[in-house]
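Before any comments, here is the structure.
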Amino acid sequence: MTDQAYNFAYLDEQTKRMIRRAILKGLAIPGYQVPFASREMPMPYGWGTGGVQVSAAVLTPDDRFKVIDQGADDTTNAVSIRSFFERTAGVATTTVTTEATVIQTRHRIPEVPLAEGQILVYQVPIPEPLRFLEPRESETRKMHSLEEYGLMHVKLYEDIARHGHIATSYAYPVKVEGRYVMDPSPIPKFDNPKLADCPAIQLFGAGREQRIYALPPYTQVVSLDFEDHPFEASRADHPCGLCGAVDSYLDEVITDDAGGRMFVCSDTDYCETRQAAGHRGKDAA
Amino acid sequence: MYVAVKGGEAAIRNAHAWLAEERRGDTSVAELSIAQIREQLSLAVNRVMAEGSLYDPDLAALAIKQARGDLIEAVFLIRAYRTTLPRFGATRPVETADMACDRRISATFKDLPGGQILGPTFDYTHRLLDFKLAAEGGKEVQQAEQAGDAAPAPVPHVTGFLNREGLIEEAPRDDTPPPDLTREPLEMPADRALRLQALTRADEGFTLSLAYSTQRGYARNHAFVGELRIGTVAVEMDIPELGFAIDIGEITLTECETVNQFTGSKTEPPQFTRGYGLVFGQTERKAISMALVDRALRWEELGEDDMGAPAQDAEFVLYHSDNIQATGFLEHIKLPHYVDFQSELELVRKLRREAGAEPMQEAAE
């Protein structure tokens, strides 16, 4: 591929304009799913084509781009998407959360609080929070327009009746500015509180499902719950084995075949920054 | 002592190199040329063009070579290329009545104007492996006998004959510009033009199975193949600078019109109804399937009952017919999901602890 054969950030300007319009509409109506004419991208649906299109539409040559998958900069798909934009947009890249102006993510929100001027782009597989309660798009759109979210509350109630807890641990539904129920993408519910009142712009792209939605800075985002069963952000109850952090989301790593495991930060940048500052967990070298 | 797995970049590079090696296979065997694929695997090329929505046999052949013969992967390569192409304009609707037919059969009339033309079909072959093909450097194939040099007679559409008697529903001319599936998001309800657009690029296997299900009683609507024609049509485009249309090329198409029983409904009199299929290239199975599914999806406008059959459900059919979307989402589950899995682990452990199934368990570190 001669990279000069493609426009800046791969997509042609007309397409980017179409996507930017959808983004602006999404920012104007927080939590509302805006249909957009998603394009076939050179990576498969399910690999983040929605996020890639949103990133392509918002990137400028001066941006510094970071990509994480499961919180990590070095997972194969994060590497692949980062190199895609290095090739087609020539933008600078970074793994440091605070240095990035645009961050594309799959399944996590960075541990370090985001700042004004940053854009967080989420890859979304199923944008419709009501999809598994009602498979029909024509029906779910009607439910959103009528603000008819009873079905969702019934589902959460049934969880409590059956398990004593709401049995949703990721892609936990939220309500935006008291209006739209929104799927925050499959982030663990540990990350849900970071969605709210965030100084950065948060954009959600679902390529295969052809939807874009957004949270403008400082938006009110409330995880659905009940007064007597309040929402609880949960994490594994351990410190990070490498950096000792007790406030980060942890991955469980199996270390041998005799039940040995350890817990480490899923956000690699957070963990490395802490280690560089001298923090040590009990499994650190 | 645990060291986080690094080196995704190197892993990807090595995987790509290995893939290229596997694609080439044993280097002592001659490499396939694009021309060989185009000429000798032409039905695969046709399928890739049809589902890739791009009529270019050479690019389709290249995609098949690059995809190691995985046709859905080849369709994907074509789609991803197609989406980067600029749009110069739209052609005029092609006139299939003027098709230079290689094949034209009707299952509803024994003989008819324009005649029955069998063409290059597998239909009456015996499916016996031809070991002569395995012998390399075999003799040249037998040439088919050419018909006379007389100019081909016009081949009018079969449904036109039925129309003269008013026995089949009208298909009135409609000049409304059709919606463009590749430039607008698919939204429901979808009109027939949009449904046909989605079906013509739909996965052949999915379309076949849906069509088959209608034959077996899931929204049964017995279809006769009124006509199946395969051949080339001229593609014309209006050139604003010239003020008239010129031929810019020709393409091979397969068109299938079905004639379906219809006993009438509250709104429509008893008459035959239509299903329609039109697909790039020689893609007979797909075109017939498309016509059956098209007919099944028309239940509402014809005032038929909703049988709750999958083939009647436009949302179900259209949202699941695209194999690039389907394969992408299906295969993405092999990407890492350990963050979500971890949160599920925590939840299940918590629920089991409370159910008394499992004692508090500390991680053995």
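The values are calculated or read from the model by the stated rules, or taken from the named source; none is laboratory data. This structure is a prediction, so every number in the text was calculated from the model and none was measured. In this analysis, Cβ positions are derived from the backbone assuming ideal geometry, glycine residues included, and neighbour counts consider all displayed protein chains. What goes into the accessible areas is simple: the full protein's heavy atoms, side chains included, and nothing from ligands, DNA or RNA. Shrake-Rupley method; radii C 1.70, N 1.55, O 1.52, S 1.80 Å.
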Testing the spin-label approximation: label points 7 Å from Cα along Cα→Cβ at B:K132 and B:I248. State their distance in nm. 4.4
Can you give the alpha-carbon Rg of the stretch B:236-365 over 2.2 N^0.38 Å, where N counts its residues? 1.92
Nearest 10 degrees is fine. How inclined is helix B:338-354 to the longest principal axis of chain B, computing both from alpha carbons? 60
Rounded to the nearest 100 Å², the accessible area buried between A and B, both sides, probe 1.4 Å, is 5000
Alpha-carbon gyration tensor eigenvalues x 5, square-rooted, for the stretch A:4-146, Å: 26, 18, 15
Keeping every protein chain present and rolling a 1.4 Å probe, give me the accessible area per residue for the stretch A:13-223 in Å². 34
Placing each pseudo-label 7 Å from Cα in the direction of the beta carbon, B:E22 and B:E39 end up separated by a distance in nanometres of 3.1
Under 25 °C and 0.890 mPa s, how fast does the protein assembly as shown diffuse according to Stokes-Einstein, given a Kirkwood radius computed over C-alpha pairs? Answer in µm²/s, whole number. 87
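Once you have the Cα-Cα distance between B:N163 and B:E300, take 0.36 nm times their residue separation minus that, and quote the gain in nm to one decimal. Don't skip to the end; give the middle numbers.
Values: separation 137, 0.36 × 137 = 49.32 nm, distance 2.21 nm.
Gain on extension, B:N163 to B:E300, equals 47.1 nm.
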Averaged over A:247-259, number of beta-carbon atoms from partner chains that fall within 10 Å: 3
Amide H to amide H, which residues 5 or more places from A:R208 or on other chains are under 5 Å from it, using H placed in the peptide plane? A:G46, A:G50
Provide the descending list of Cα extents for the stretch B:212-281 along its principal axes, expressed in whole angstroms. 52, 28, 17
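First measure r as the distance between the Cβ atoms of B:R349 and A:A277, then evaluate 1/(1 + (r/R0)^6) with R0 = 30 Å and state the FRET efficiency to the nearest 0.05.
Working: r = 32 Å, r/R0 = 1.06.
With R0 = 30 Å, the Cβ-Cβ based efficiency is 0.40.
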In vacuum, with every alpha carbon of the stretch B:144-287 counted as one equal point scatterer, what does the Debye formula give for log10 I(q)/I(0) at q = 0.10, 0.16, 0.17 Å⁻¹? Two decimals, please. -0.48, -1.18, -1.29
What the 5 Å binned alpha carbon P(r) of the stretch A:38-85 shows, as percent of pairs per bin from 0, is 5, 20, 32, 25, 15, 3
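Can you list, largest first and rounded to whole Å, the semi-axes you get for chain A by taking the square root of 5 times each eigenvalue of its Cα gyration tensor? Walk me through the intermediate numbers first.
Numbers: eigenvalues 164, 158, 51 Å².
After diagonalising the Cα gyration tensor, the semi-axes are 29, 28, 16 Å.
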Return the average number of partner chain Cβ atoms within 10 angstrom of each residue Cβ along peptide B:182-189. 5
Quote the relative contact order of chain A in percent (integer), defining contacts as alpha-carbon pairs under 8 Å separated by 6+ residues. 21
Can you compute the modelled spin-label distance between B:S209 and A:Y6, with each label point 7 Å from Cα toward Cβ, in nm? 3.2
Kindly provide the pair-distance distribution of the stretch A:95-208 built from C-alpha pairs, with 10 Å bins from 0 and whole-percent values in order of increasing distance. 13, 41, 33, 13, 1
Whole-number D in µm²/s for the stretch A:152-231 (Stokes-Einstein; Kirkwood sum over Cα pairs; 4 °C, 1.567 mPa s): 97
I want to verify a result. In a Gaussian network model of chain B, Cα cutoff 10 Å, which of these has the top mean-square fluctuation: B:G52, B:G119, B:G281? B:G119
Approximate shape of the stretch A:235-284 as ellipsoid semi-axes (Cα gyration tensor, √5λ), whole Å, largest first: 19, 11, 9
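For A:E116 and A:V253, compute 0.36 nm times the residue count separating them, minus their Cα-Cα distance, and round to one decimal in nm. Mind showing how you got there, number by number?
Numbers: separation 137, 0.36 × 137 = 49.32 nm, distance 3.42 nm.
Here the answer is 45.9 nm.
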Column: log10 I(q)/I(0), Debye, Cα scatterers of the stretch A:142-285, q = 0.18, 0.21 Å⁻¹: -1.12, -1.27
With all protein chains in place and a 1.4 Å probe, B:I333 shows an accessible area in Å² (nearest 10) of 120
Looking at the stretch B:1-137, what % of the alpha carbon pairs are farther apart than 27 Å? 48
Enter the angle in degrees (range 0 to 90, nearest 10) between the Cα long axis of helix B:284-297 and the first principal axis of the Cα atoms of chain B, meaning the one along which they spread out most. 90
Can you work out the base-10 log of I(q)/I(0) for the stretch B:11-82 at q = 0.14 1/Å, using the Debye formula on its C-alpha atoms alone? -0.43
With r defined as the distance between the Cβ atoms of B:R192 and A:L24 and R0 fixed at 25 Å, what FRET efficiency is calculated, to the nearest 0.05? 0.15
Would you jot down the residues in the stretch B:74-103 that end up with at least 40 Å² less accessible area in the complete protein assembly than in the chain alone, with a 1.4 Å probe? B:F76, B:T83, B:T84
Projected convex hull area of the stretch B:255-314, Cα atoms, direction-averaged, in nm², equals 4.2
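Which FRET efficiency value, to the nearest 0.05, do you get for A:E232 and B:A10 by plugging their Cβ-Cβ distance into 1/(1 + (r/R0)^6) with R0 = 41 Å?
0.50
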Residue-wise HN-Hα coupling along the stretch B:64-80, computed from phi with Karplus coefficients 6.51, -1.76, 1.60 (Hz; x: Gly, Pro): 5, 5, 5, 8, 6, x, 6, 5, 5, 4, 5, 4, 4, 4, 5, 4, 5
Return the carbon/sulfur percentage of the accessible area of the stretch B:11-82, one whole number, probe 1.4 Å, all protein chains in place. 54
What translational diffusion coefficient, to the nearest whole µm²/s, does chain B have by Stokes-Einstein, given a Kirkwood radius computed over alpha-carbon pairs, a temperature of 25 °C and 0.890 mPa s viscosity? 101
Of A:K25/A:K175; A:K189/B:K350; A:K25/A:K155; A:K16/B:K334, which pairs sit farther than 20 Å apart, going by alpha carbon to alpha carbon? A:K25/A:K155; A:K16/B:K334
Choice from B:E250, B:E284, B:E227 with maximal GNM fluctuation in chain B (Cα, 10 Å cutoff): B:E250
